[in-house]
1. Take the residues of segment 151-175 that are more than 30 Å from Ser62 (Cβ to Cβ) and of a type in the set (Ser, Thr, Tyr): which is most open to solvent (accessible area, probe 1.4 Å)?
2. Can you report the number of residues in segment 137-150 which are within 21 Å of Val127 (Cβ to Cβ) and open to solvent by 40 Å² or more (accessible area, probe 1.4 Å)?
3. Do you know which of the residues in segment 176-186 that are under 24 Å from Thr56 (Cα atoms) and either touching a strand residue (DSSP E or B) at 6+ places or on another chain (Cβ under 6 Å) or of a type in the set (A, V, I, L, M) (or both) is surrounded by the most Cβ atoms within 10 Å (Cβ to Cβ)?
4. Yes or no: Thr94 open to solvent by 50 Å² or more (accessible area, probe 1.4 Å), modelled with pLDDT under 95 and under 22 Å from Gly133 (Cβ atoms)?
5. Any chance segment 171-183 includes a residue that's of a type in the set (D, E, K, R), touching a Lys or Arg at 6+ places or on another chain (Cβ under 6 Å) and in a loop (DSSP other than H, G, I, E, B)?
6. Against the definition (in contact (Cβ under 8 Å) with a residue 60 or more places away in the chain and not aliphatic (A, V, I, L, M)), how does Gly61 come out, yes or no?
7. Do you know which residues across segment 22-76 are touching a helix residue (DSSP H, G or I) at 6+ places or on another chain (Cβ under 7 Å) and small (Gly, Ala, Ser)?
Amino acid sequence: AGLIASISIAQQQIQNGGFENWENVPGGSEPVNWNSFLTAGGQLSNMAENQIEESTEVRPGSTGSRSIKMWSRSIFTIVANGNITLGKINMGSTSASHDSNHNRSITADSDFSQELTDSPDSLVFWVKFIPNGHSGNARVKATIHDNYDYRDPEDAASSNHVVATAVLNYPSTGENWVRKSIPFDYSGPATDGAYILITFTTNETAGGGKKDDVVFIDDVELIYNSLSTDNQETLSSISIYPNPVKDVLTIDNVEK
């Protein structure tokens, strides 16, 4: 029989996208590579409380055993949305919509940033969203950006460093797990992707929703629909021999 060869090029994924691995931090625990209010910065970070936990509720067909549960809480009369991010949360104001409240990639610190130099076509994740008696939307935003400490919500400076975005405001899932797929829009204006900042919140509006809105997230994944032109050119020059193979298969001209 002849040799049937399948060659795949490893493409970058979000570390711990299934929320299987957790680590202890002051005040509780966080999923490895993800950050919550427990590791927030800013002048009001001393007001942070735990709004996430490790959950054994997983999406249908999952090969894992964990997901993340996050919820909103009330601080006096203000709703603090549940918030989980690949960057670092900054708590700067008691006014929920103030620009000092944001999430930010800290490119100099791998604990608060996720490198990404590939160009995924879409962001996929599984979610169960249970709002507390209202019809508001939860939110996810993923931004691929260049080598800059990009922040979400964007300020004027950050907008110049965007390579691509995938954003979705989504309604209650009726206590069911639902798969969401969001295409990336590569409108720029930047072109050299270096990092990705993903943020999940319990409401699309800062301070929106109600206390005890709950969101479960599982299996965050980047989808690559096709090989780039550069990768196709590399594959065309690969040599695989002998065919048929008995004991030793040789693959030449593969850089990665």
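1. So the residue we want is Ser159.
2. Qualifying residue count, segment 137-150: 1.
3. So in segment 176-186, the residues under 24 Å from Thr56 (Cα atoms) come out as 176-181.
Cutting the leftovers down to either touching a strand residue (DSSP E or B) at 6+ places or on another chain (Cβ under 6 Å) or of a type in the set (A, V, I, L, M) (or both) gives us 177-181.
On the way: Trp177: 19, Val178: 15, Arg179: 13, Lys180: 17, Ser181: 13.
Ranking the qualifying residues of segment 176-186, first place goes to Trp177.
4. Details: open to solvent by 50 Å² or more (accessible area, probe 1.4 Å): yes; modelled with pLDDT under 95: yes; under 22 Å from Gly133 (Cβ atoms): no.
For Thr94, the condition - open to solvent by 50 Å² or more (accessible area, probe 1.4 Å), modelled with pLDDT under 95 and under 22 Å from Gly133 (Cβ atoms) - is not met.
5. Taking segment 171-183 as the starting set, the residues that turn out to be of a type in the set (D, E, K, R) are 175, 179-180.
Imposing the further condition that a residue be touching a Lys or Arg at 6+ places or on another chain (Cβ under 6 Å) reduces the set to none.
No, because not a single residue in segment 171-183 is of a type in the set (D, E, K, R), touching a Lys or Arg at 6+ places or on another chain (Cβ under 6 Å) and in a loop (DSSP other than H, G, I, E, B).
6. Working: in contact (Cβ under 8 Å) with a residue 60 or more places away in the chain: no; not aliphatic (A, V, I, L, M): yes.
It is false that Gly61 is in contact (Cβ under 8 Å) with a residue 60 or more places away in the chain and not aliphatic (A, V, I, L, M).
7. Hits for segment 22-76 are Gly27, Gly28, Ala48.
Results for (1) modelled with pLDDT of 95 or more; (2) small (Gly, Ala, Ser); (3) in contact with a Gly (Cβ under 9 Å, 6 or more places away or on another chain); (4) farther than 30 Å from Asp121 by Cβ, shown as yes or no for each residue.
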{"position": "Val25", "(1), (2), (3), (4)": "yes, no, no, yes"}
{"position": "Asn35", "(1), (2), (3), (4)": "yes, no, yes, no"}
{"position": "Trp71", "(1), (2), (3), (4)": "yes, no, yes, yes"}
{"position": "Val79", "(1), (2), (3), (4)": "no, no, yes, yes"}
{"position": "Leu86", "(1), (2), (3), (4)": "yes, no, no, no"}
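The values are calculated or read from the model by the stated rules, or taken from the named source; none is laboratory data. Since the model is a prediction, treat every value here as computed from it, not as a measurement. So basically every Cβ, Gly included, is an ideal-geometry build from the backbone, and we count neighbours across all protein chains shown. These area figures cover heavy atoms from the full protein model, side chains too; ligands, DNA and RNA do not enter into them. Shrake-Rupley method; radii C 1.70, N 1.55, O 1.52, S 1.80 Å.
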